[in-house]
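Below is one structure; the comments refer to it alone.
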Amino acid sequence: MTPRTPRSERGDALVVFGLTGDLGHDELLPGLVLLHATGRLGVPVVGVGRNAPDDIEQLLRDAIDPELAGRTGLTIEQLVDEIDLSFVEGDATEAQTWNDIHDRLGDVGLPVVYAALPPALLGDVAEQVAASSLPDSCRLVLEKPFGEDRASALDLHERITDQIDPARLFLVDHFLAKAAVRNLVDARRTPVLDLALQAEHLESITIEFPEVGGLDGRGSFYEGVGGVVPDVVQNHLLQTVASALATPPGAPSDGDAERAARVDLLRRIAPIDPNRSVLGQYDGYRDLDDVDDDSAVPTFVSAELEIDHDRWRGVPIRLRTGKRVASGAFAIDWRLRGAGLARSVRAQIKPQAAIQIDLDELDPDTHGTVVATACTPVRSDHGALDAYATVLGDALTGERHHMTSLDEVVEAWRIVEPLLGPTTDLRAYAPGTPLDDIT
Ligand SMILES: O=C1O[C@H](COP(=O)(O)O)[C@@H](O)[C@H](O)[C@H]1O
């Protein structure tokens with residue numbers, strides 16, 4: 001049972017593990033920049049890691065590209081001067097590191113610890129937080145993946161909450177903070193879509209998340225978590241599915257009710273059948289640093305979802321994602337059938353947020369049928385940046401609206417569990433292959 005969200009106080013310092021890696025450079029530091037520029041940071045930030053950067057200001061500078069600075073209305077140097085960022089070198093699992101963090105923070109009332117660390121370290125981190133001299137009010141905010149399967153997620157949660165009050169524990173899934181994913185809940189509330197999106201009118205539903213980028217520099221992380229399923233399906237994609245297909249709660253903007261609706265939807269999804277799934281790996285993945293020469297870690301998956309829900313029962317639902325595949329949109333497509341002009345309703349999340357309806361129309365010259373697209377006005381997606389600014393801002397204020405919960409995490413592990421572990425049946429694909437050609 002997910003507890004209702006109590007009102008929280010604002011944190012007065014932010015301690016971040018994971019600033020020196022890719023996540024720090026691409027998402028956490030830019031997220032902090034946007035928070036600062038919108039007046040929502042206002043606290044000292046202490047990065048922590050085993051290897052201190054030579055120059056912490058340079059680390060921040062390198063993470064601010066001109067486009068990002070342009071969005072803030074400040075120069076890169078102003079941003080670097082204004083953000084109160086320092087670094088403590090140390091291992092998250094050692095007491096000395098926490099003494100050093102305490103010394104650096106001085107007299108704070110509510111530090112927020114944001115840990116982008118492998119799941120195997122999180123239990124030790126919670127123990128160190130509890131044993132440290134940091135105030136008991138300290139909040140612990142953890143990145144995904146939480147655990148390695150259903151049982152380990154439950155064990156990890158128990159171990160952490162033996163040390164830390166569950167009210168001070170926050171689980172991040174930054175897709176829940178993407179504006180376009182949040183829009184899905186309201187889109188489903190729209191009467192015309194509510195009428196159209198029902199099993200009797202639907203031929204199929206697809207959820208596709210093609211990623212052009214590969215895993216250069218991330219081999220160790222990716223091998224450690226076990227590839228595409230724990231990296232994006234168990235969390236981001238099932239959260240997107242849950243946001244799109246759950247019954248939207250009556251009251252808009254009720255984070256607890258939305259979370260309960262997502263849990264209900266996830267509970268209705270059967271464990272994925274490996275015999276109706278395809279796993280793949282792109283050529284060249286095994287040549288990356290920290291990747292085994294005979295790695296059986298998948299970088300692509302195509303799976304069918306079976307949902308026991310009146311609205312979706314019997315509709316084939318396919319979810320596909322891969323690294324280093326041909327470019328394409330991250331979108332959910334409800335393919336319609338039957339009479340009328342409308343052919344599909346498509347909610348696109350990346351690269352542009354959009355909700356569009358594809359219609360058949362008569363070509364006045366040939367009298368044949370062509371497809372026209374009626375599209376909502378869209379905004380450019382700013383990648384993960386806005387989502388990370390939201391997540392970090394929520395970590396500071398203690399807002400749970402865009403956080404995930406143990407119930408969601410555990411249900412998602414249950415769904416993907418049949419696909420976990422090494423596989424002997426891995427389809428090889430050349431970088432740049434379209435999703436359609438791999439499945
Ligand atoms: O957490 C992760 O998310 C990214 C995709 O996030 P986005 O906001 O940039 O779309 C994914 O590429 C990465 O492998 C995964 O660890």
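The values are calculated or read from the model by the stated rules, or taken from the named source; none is laboratory data. Everything quoted here is computed from the prediction, not taken from an experiment. Virtual Cβ from ideal backbone geometry, glycine too; neighbours counted across all protein chains shown. Accessible surface areas use protein heavy atoms only, side chains included; no ligands, DNA or RNA. Shrake-Rupley method; radii C 1.70, N 1.55, O 1.52, S 1.80 Å.
Listed values, structure above:
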| quantity | calculated |
| --- | --- |
| Odd one out for Thr206, checked against (1) touching a helix residue (DSSP H, G or I) at 6+ places or on another chain (Cβ under 7 Å); (2) more than 10 Å from the ligand (Cβ to nearest atom) | (1) |
| Looking only at region 380-429, and only at residues there that are open to solvent by 50 Å² or more (accessible area, probe 1.4 Å) and assigned to a loop (DSSP other than H, G, I, E, B), the one that is farthest from Ser277 (Cα to Cα) | Glu399 |
| Flag if Arg10 is open to solvent by 70 Å² or more (accessible area, probe 1.4 Å), touching a helix residue (DSSP H, G or I) at 6+ places or on another chain (Cβ under 8 Å) and part of a helix (DSSP H, G or I) | no |
| Single condition Val229 does not satisfy, out of (1) closer than 23 Å to Phe330 by Cβ; (2) more than 16 Å from the ligand (Cβ to nearest atom) | (2) |
| Residue match in region 146-161 (condition: within 16 Å of the ligand (Cβ to nearest atom) and surrounded by 22 or more Cβ atoms within 10 Å (Cβ to Cβ)) | yes |
| Pairs, first free of Cβ contacts under 8 Å to residues at least 60 places away in the same chain and over 18 Å from Arg139 (Cβ atoms) in region 7-27, second within 15 Å of the ligand (Cβ to nearest atom) and open to solvent by less than 20 Å² (accessible area, probe 1.4 Å), C-beta under 8 Å, six or more apart | His25/Ala63 |
| Test for Pro53: is it part of a loop (DSSP other than H, G, I, E, B) and of a type outside the set (Asp, Glu) | yes |
| Lone qualifier among Leu14, Leu74, Leu79 - being away from the ligand (no atom under 16 Å from the Cβ), touching a Phe, Trp or Tyr at 6+ places or on another chain (Cβ under 7 Å) and of a type outside the set (Lys, Arg) | Leu14 |
| Within region 329-351, tally of residues that are in a loop (DSSP other than H, G, I, E, B) and either among the aliphatic types (A, V, I, L, M) or more than 16 Å from the ligand (Cβ to nearest atom) (or both) | 6 |
| Residue list for region 240-275, restricted to those being part of a helix (DSSP H, G or I), in contact (Cβ under 8 Å) with a residue 60 or more places away in the chain and of a type in the set (S, T, N, Q) | Thr240, Ser243 |
| Residue within region 251-267 that is of a type in the set (Val, Ile, Thr), at pLDDT 95 or above and either open to solvent by 40 Å² or more (accessible area, probe 1.4 Å) or within 16 Å of the ligand (Cβ to nearest atom) (or both) present | no |
| Conditions (1) among the charged types (D, E, K, R); (2) surrounded by 17 or more Cβ atoms within 10 Å (Cβ to Cβ); (3) more than 16 Å from the ligand (Cβ to nearest atom); number of the one not met by Arg324 | (3) |
| Options Asp310, Asp293: the member that is under 22 Å from Glu203 (Cα atoms), of a type in the set (Asp, Glu) and assigned to a loop (DSSP other than H, G, I, E, B) | Asp310 |
| Condition broken by Phe221, with the remaining ones in (1) within 10 Å of the ligand (Cβ to nearest atom); (2) surrounded by fewer than 17 Cβ atoms within 10 Å (Cβ to Cβ); (3) modelled with pLDDT of 95 or more satisfied | (3) |
| Any hit, region 188-203, residues being at positive phi, among the small types (Gly, Ala, Ser) and surrounded by fewer than 20 Cβ atoms within 10 Å (Cβ to Cβ) | no |
| Residue in region 312-321 that is within 13 Å of the ligand (Cβ to nearest atom), under 17 Å from the mean Cα position of the chain (by Cα) and open to solvent by 50 Å² or more (accessible area, probe 1.4 Å) present | no |
| Failed criterion for Ala177 (all others in (1) touching a His at 6+ places or on another chain (Cβ under 6 Å); (2) away from the ligand (no atom under 16 Å from the Cβ); (3) open to solvent by less than 10 Å² (accessible area, probe 1.4 Å) hold) | (2) |
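Residue-wise test of (1) free of Cβ contacts under 8 Å to residues at least 24 places away in the same chain; (2) closer than 17 Å to Leu134 by Cβ.
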{"site": "Asp55", "(1), (2)": "yes, no"}
{"site": "Gln58", "(1), (2)": "yes, no"}
{"site": "Asp62", "(1), (2)": "no, no"}
{"site": "Leu68", "(1), (2)": "no, no"}
{"site": "Gly73", "(1), (2)": "no, no"}
{"site": "Ile83", "(1), (2)": "no, no"}
{"site": "Ser86", "(1), (2)": "no, yes"}
{"site": "Gly90", "(1), (2)": "no, yes"}
